[in-house]
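The values are calculated or read from the model by the stated rules, or taken from the named source; none is laboratory data. Predicted, not measured: the structure shown is a model, and the values here were computed from it. Here Cβ is always computed from backbone atoms with ideal geometry, including for glycine, and neighbour counts include all displayed protein chains.
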Amino acid sequence: MPAYLDMAATTPVSGRVCDVVLTYMRDEFGNAGSRTHDWGNRAKKAVAAARAELATTLAAKPDELIFTSGATESDNIALLGLAAEGERTGRRHILSSATEHKAVLEPLEHLATRGFDVELLRPDATGRFAAQQVLERVRPDTLLVSLMHVNNETGVLQPVVELADALTKTATFLHVDAAQSYGKVAPDDLRAPIDMISISGHKIGAPKGIGALLVRRRGWAKVPLQPLLYGGGQERGLRPGTTPVALIMGLLEAARERHEELAQWTTATTRFRSHLLEVLSPLGMHLNGDPDHSAPHILNISFPHVDSEALIVALRDLAAIATGSACTSTSYTPSHVLSAMGLDKARIDGAIRLSWWGEPTTDLEGLRQAVAELQLAA
């Protein structure tokens, strides 16, 4: 089997997590909303314990964490849920970046049609923003700053701690999409006073279809979010629907596993990154992203005279890789992330994303040879 080097798209569910999920699907299958029998009460207690433990990983209180179907839904609640507050107060300026995931960019496009002034910052060629670059664009009418922690295409880390520390002194809220960082990178960053944090289970070994949104209080004040859906009042009235107990317990177990293995995972992941760069650098590789501020598990690279689609075909028996986000993989349009970084067309057309988990068994010499052969053919 080819090595799977597309972990930024999704991760496998471990046997340990599978066992927990199956237990809550088959044996402890009660509805957490049923309060007239033991099955329902046990489910309710399990969800409450999971909420409390997961909130602790973000230095938050249990009632500040709501469960969602994943980071996309969390992003939508965080952004669209603030619209009524912006309209009520006249604070219609929203600051974000052109390198965000589509789960942020598309809700922002919708808000723009409702009269919001959406400003998308563009980074330099490294893909990173300095905190001051963002803060100097904040205005008295800025409702929200939304900036992802780790970019899903380049792995670049953004200065969310500095932004949180500065914005908490203002009326502007901060939202951080942490789909690619939660449980993997810089966990202390997410304990900063960030108002809203989106996380996704299937990026850390949990099943698809579960995630969370942290909505942190400022003192006693709540972020004034409004629900996007109605019908039941579950999840603090922000996200109705039957509580997916089995998925929540899978998310909890995956988060535990990530915490227990984080040091070992970081060492192995960083070591594989070094080996990969050592093998590929002699081929004239271009690294797309800031090498000094990047997560260890994502690498975006281009090779001179090599088209990314041709390289993916050439490597299909060796490794499963991607050109970028799985959400846009069916589109042949250039990466909006690399375009926003100002890279030239040839470099964008030749870009591939490699993402891994620990230290996979991979034929790096075969990968090097495939690239070299394509360069010769060109």
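Observations on the model:
- Residue match in region 124-146 (condition: modelled with pLDDT of 95 or more, in a helix (DSSP H, G or I), under 30 Å from Leu247 (Cβ atoms) and not assigned by TED's automatic domain parsing to the domain that holds His286): no
- Residue, surrounded by the fewest Cβ atoms within 10 Å (Cβ to Cβ), within region 110-137, restricted to residues that are small (Gly, Ala, Ser) and within 17 Å of Leu79 (Cα to Cα): Gly115
- Here Ala32, Ala43 are screened, and the one residue that is on the phi < 0 side of the Ramachandran plot and in a helix (DSSP H, G or I) is Ala43.
- So Lys61, is it in contact with a Cys (Cβ under 6 Å, 6 or more places away or on another chain) and in the same structural domain as Glu119 (by TED's automatic domain parsing): no
- Flag if Val337 is β-branched (Val, Ile, Thr) and within 20 Å of Ala179 (Cβ to Cβ): yes
- Among the candidates His336, His286, the residue that is in contact with a Lys or Arg (Cβ under 7 Å, 6 or more places away or on another chain) and modelled with pLDDT of 90 or more is uniquely His286.
- Residue that is of a type in the set (Asp, Glu), without any contact (Cβ under 8 Å) to a residue 40 or more places away in the chain and not assigned by TED's automatic domain parsing to the domain that holds Pro296, where the choices are Asp189, Asp165: Asp165
- Just one of (1) at pLDDT 95 or above; (2) over 24 Å from Ser14 (Cα atoms); (3) of a type outside the set (S, T, N, Q) fails for Ile298. It is (2).
- Criterion violated by Glu278 - all others in (1) part of a loop (DSSP other than H, G, I, E, B); (2) within 16 Å of Gln369 (Cβ to Cβ); (3) free of Cβ contacts under 8 Å to residues at least 40 places away in the same chain satisfied: (1)
- Filter pass, Arg35 being in the same structural domain as Leu167 (by TED's automatic domain parsing), within 28 Å of Met249 (Cβ to Cβ) and either surrounded by fewer than 21 Cβ atoms within 10 Å (Cβ to Cβ) or modelled with pLDDT under 95 (or both): yes
- A single entry from Glu359, Glu365 fulfils the requirement of being over 22 Å from Leu105 (Cα atoms) and loosely packed, with under 15 Cβ neighbours inside 10 Å: Glu365.
- Of the set (1) within 22 Å of Leu65 (Cα to Cα); (2) surrounded by fewer than 16 Cβ atoms within 10 Å (Cβ to Cβ), all apply to Ala254 but (2).
- Annotation: of all residues in region 62-71 being at negative phi and touching a residue at least 40 places away in the same chain (Cβ under 8 Å), the one that is surrounded by the fewest Cβ atoms within 10 Å (Cβ to Cβ) is Asp63.
- Across region 3-17, the qualifying residues are those that are in contact (Cβ under 8 Å) with a residue 60 or more places away in the chain and assigned to a helix (DSSP H, G or I), and the one among them that is farthest from Asn152 (Cα to Cα) is Arg16.
- Screening Leu354 against (1) surrounded by 14 or more Cβ atoms within 10 Å (Cβ to Cβ); (2) at negative phi; (3) modelled with pLDDT of 90 or more; (4) in a loop (DSSP other than H, G, I, E, B) leaves a single unmet condition, (4).
- Any hit, region 35-56, residues being touching a residue at least 40 places away in the same chain (Cβ under 8 Å) and within 19 Å of Thr172 (Cβ to Cβ): no
- Once region 86-119 is narrowed to residues that are in a strand (DSSP E or B) and under 21 Å from Ser181 (Cβ atoms), the residue that is farthest from the chain's Cα centre (by Cα) is Leu95.
- Residue satisfying condition, being crowded, with 20+ Cβ neighbours inside 10 Å and among the basic types (Lys, Arg), within set Arg51, Arg16, Arg26, Arg88: Arg51
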